[in-house]
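Below you'll find the structure, written out as structure tokens, and then a few comments.
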Amino acid sequence: MTGAEPPRPSRTVTPGSAESLAQVGTAEELFFPLSSLELHDVVRAALVEDGAFDDITTVATVVSDRRGRATLASREPGVVAGVPFVLEAFRQLDPKVSIRVDAPDGSPVQPGTLVLFAAGHSRALLSAERVALNFLQYLSGIATLTRRYVEQVEGTSARILDTRKTLPGWRRLAKYAVRAGGGLNHRLDLATGVLIKDNHLIAVDSDVRLAVERARAMAPPGTPIEVECDRPDQVVAALDAGADLVLLDNMQPDMLRACVELARGRALTEASGGVKLETVREIAETGVDRISVGALTHSAPALDLGLDFD
């Protein structure tokens, strides 16, 4: 991420349903995927796990009526995601805490950028600090890595998508963080999209047409049918079978370019497999419509954020 990047407009963080994550689009709203009750329960469990309600160190060193102020700021360039968790963590330990958010989810930050300011009981702020940062750093790391990939393909027609390679139990939140970073979501789960892969084709003796016909008969009307291909002849078979998308798996740029031409006007194309920051631009320049990157959610480093008390 470059220091010269112009500020991106803030996007509204809105409670939403799981179904919103299955949409591939460019809506301005991020659609925070947890309800208020779900958010409360997830944060409560994290606070209990951390012993935040029995913080021996804080109780021993900080008097009960002492109030404090703290600023949460970025220590490196990135994109923020997960602010609702910070608010909830502080509020569960101090319902009257005062919080001002300066960098909502989706905001680009530089070293020293203030994300939020909190004022309340010192014990509450101290005991909730680690849980709040754990959520925020993890999700912001995903948003930040996503944004770096998005920047790499700017000026091309390719869009960056995530995959199902997520921490179990965290998929909706990981995919939310991808959107905060400017990426798009692939299918949410096995029940919300069709992707016929090589092992599926083995089960039908490599009959692509039969696999597509069966999938279309089983899936809800309007569900796009995608077929994984690793050779041009498989792309032709998928197109002739009426696939809506072809997944071009682990192809070199020259083969990618040829397969994009084969599919032009007949199906959308998606490149996948071993995509890296160093190679994603070359892949995008082949003309593919989408590039799916597993690393966004399985290998993103946490963003360095810190909470400092006055």
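Kindly indicate which of T269, T297 is touching a helix residue (DSSP H, G or I) at 6+ places or on another chain (Cβ under 9 Å), surrounded by 20 or more Cβ atoms within 10 Å (Cβ to Cβ) and farther than 30 Å from Y138 by Cα. Outline the logic, then answer.
Working: T297 fails: farther than 30 Å from Y138 by Cα.
Checking each option against the conditions leaves just T269.
Consider V63 carefully, then state whether it is of a type outside the set (F, W, Y) and crowded, with 16+ Cβ neighbours inside 10 Å. Lay out the reasoning, then the answer.
On the way: of a type outside the set (F, W, Y): yes; crowded, with 16+ Cβ neighbours inside 10 Å: no.
Taking the combined requirement at face value, the residue does not satisfy it.
Take the residues in region 202-233 that are within 20 Å of R290 (Cα to Cα) and in contact with an Asp or Glu (Cβ under 8 Å, 6 or more places away or on another chain); name whichever of them is surrounded by the most Cβ atoms within 10 Å (Cβ to Cβ).
Per the criteria, the residue is C229.
Looking at R187, R172, R179, R147 in this structure, which one is among the charged types (D, E, K, R), surrounded by 20 or more Cβ atoms within 10 Å (Cβ to Cβ) and assigned to a loop (DSSP other than H, G, I, E, B)? Working first, answer last.
Values: R172 fails: assigned to a loop (DSSP other than H, G, I, E, B); R179 fails: assigned to a loop (DSSP other than H, G, I, E, B); R147 fails: assigned to a loop (DSSP other than H, G, I, E, B).
Going through R187, R172, R179, R147 in turn, just one is among the charged types (D, E, K, R), surrounded by 20 or more Cβ atoms within 10 Å (Cβ to Cβ) and assigned to a loop (DSSP other than H, G, I, E, B): R187.
When you look at R257, is it over 18 Å from the mean Cα position of the chain (by Cα), more than 17 Å from L201 (Cα to Cα), part of a helix (DSSP H, G or I) and in contact (Cβ under 8 Å) with a residue 60 or more places away in the chain, yes or no?
Values: over 18 Å from the mean Cα position of the chain (by Cα): yes; more than 17 Å from L201 (Cα to Cα): yes; part of a helix (DSSP H, G or I): yes; in contact (Cβ under 8 Å) with a residue 60 or more places away in the chain: no.
So R257 does not fit the description; no.
Determine whether G287 is surrounded by 15 or more Cβ atoms within 10 Å (Cβ to Cβ), part of a loop (DSSP other than H, G, I, E, B) and of a type outside the set (S, T, N, Q). Spell out the reasoning first.
Values: surrounded by 15 or more Cβ atoms within 10 Å (Cβ to Cβ): yes; part of a loop (DSSP other than H, G, I, E, B): yes; of a type outside the set (S, T, N, Q): yes.
In short, yes.
Name every residue in region 274-301 that is closer than 23 Å to G193 by Cα and at pLDDT 95 or above, in order of residue number.
Taking region 274-301 first, the residues closer than 23 Å to G193 by Cα are 274-275, 288-298.
Listed by number, the residues that qualify are V275, V288, D289, R290, I291, S292, V293, G294, A295, L296, T297, H298.
Yes or no: L37 crowded, with 16+ Cβ neighbours inside 10 Å and among the hydrophobic types (A, V, I, L, M, F, W, C)? Explain how you work it out, then say what you get.
On the way: crowded, with 16+ Cβ neighbours inside 10 Å: no; among the hydrophobic types (A, V, I, L, M, F, W, C): yes.
Answer is no for this residue.
Look at A237 and say whether it is more than 30 Å from L167 (Cα to Cα) and either touching a Gly at 6+ places or on another chain (Cβ under 7 Å) or not in a loop (DSSP other than H, G, I, E, B) (or both).
Details: more than 30 Å from L167 (Cα to Cα): yes; either touching a Gly at 6+ places or on another chain (Cβ under 7 Å) or not in a loop (DSSP other than H, G, I, E, B) (or both): yes.
Spelling it out, A237 is indeed more than 30 Å from L167 (Cα to Cα) and either touching a Gly at 6+ places or on another chain (Cβ under 7 Å) or not in a loop (DSSP other than H, G, I, E, B) (or both).
Scan region 104-125 for residues that are crowded, with 21+ Cβ neighbours inside 10 Å and either free of Cβ contacts under 8 Å to residues at least 40 places away in the same chain or under 15 Å from G306 (Cα atoms) (or both) and jot them down.
Within region 104-125, V109, V115, L116, A118, A124, L125 qualify.
For region 77-103, give me each residue that is surrounded by 13 or more Cβ atoms within 10 Å (Cβ to Cβ), within 28 Å of the chain's Cα centre (by Cα) and not aliphatic (A, V, I, L, M).
Hits for region 77-103 are P77, G78, G82, P84, F85, E88, F90, R91, Q92, D102.
Taking the conditions exactly as written (closer than 30 Å to G222 by Cα, of a type in the set (S, T, N, Q) and modelled with pLDDT of 90 or more), does S35 satisfy them or not? Lay out the reasoning, then the answer.
Values: closer than 30 Å to G222 by Cα: yes; of a type in the set (S, T, N, Q): yes; modelled with pLDDT of 90 or more: yes.
It is true that S35 is closer than 30 Å to G222 by Cα, of a type in the set (S, T, N, Q) and modelled with pLDDT of 90 or more.
Regarding region 77-95, can at least one residue be identified that is part of a loop (DSSP other than H, G, I, E, B) and acidic (D, E)? Quick ask: steps written out before the conclusion?
As a first pass, look at region 77-95 and keep what is part of a loop (DSSP other than H, G, I, E, B): 77, 80-82, 94-95.
Next cut, acidic (D, E) only: 94.
So far as region 77-95 goes, yes, one or more of its residues are part of a loop (DSSP other than H, G, I, E, B) and acidic (D, E).
Kindly check whether there is at least one residue in region 205-224 that is among the acidic types (D, E), within 28 Å of F31 (Cβ to Cβ) and in contact (Cβ under 8 Å) with a residue 12 or more places away in the chain. Don't jump to the end; show me each part of the working.
Initial filter on region 205-224 (among the acidic types (D, E)): 205, 207, 213.
If we keep only those that are within 28 Å of F31 (Cβ to Cβ) too, we end up with none.
Taking every residue of region 205-224 in turn, none turns out to be among the acidic types (D, E), within 28 Å of F31 (Cβ to Cβ) and in contact (Cβ under 8 Å) with a residue 12 or more places away in the chain.
Select, from L136, L145, the only residue that is of a type in the set (A, V, I, L, M, F, W, C), touching a Gly at 6+ places or on another chain (Cβ under 8 Å) and over 23 Å from G274 (Cβ atoms).
Values: L145 fails: over 23 Å from G274 (Cβ atoms).
From the options L136, L145, the qualifying one is L136.
Quick check: is even one residue across region 54-66 closer than 15 Å to L173 by Cβ, touching a helix residue (DSSP H, G or I) at 6+ places or on another chain (Cβ under 7 Å) and at pLDDT below 95? Don't jump to the end; show me each part of the working.
So the first thing to find is which residues in region 54-66 are closer than 15 Å to L173 by Cβ, and the list is none.
For region 54-66, residues closer than 15 Å to L173 by Cβ, touching a helix residue (DSSP H, G or I) at 6+ places or on another chain (Cβ under 7 Å) and at pLDDT below 95: absent.
Only residues that are more than 11 Å from the chain's Cα centre (by Cα) and basic (K, R): list them for region 134-164, please.
As a first pass, look at region 134-164 and keep what is more than 11 Å from the chain's Cα centre (by Cα): 134-137, 148-159.
Scanning region 134-164 gives R148, R159.
The values are calculated or read from the model by the stated rules, or taken from the named source; none is laboratory data. Note that the coordinates shown come from a computational prediction; the quantities given were computed from them, not determined experimentally. All Cβ positions, glycine included, derive from the backbone under ideal geometry; neighbour counts span all protein chains shown.
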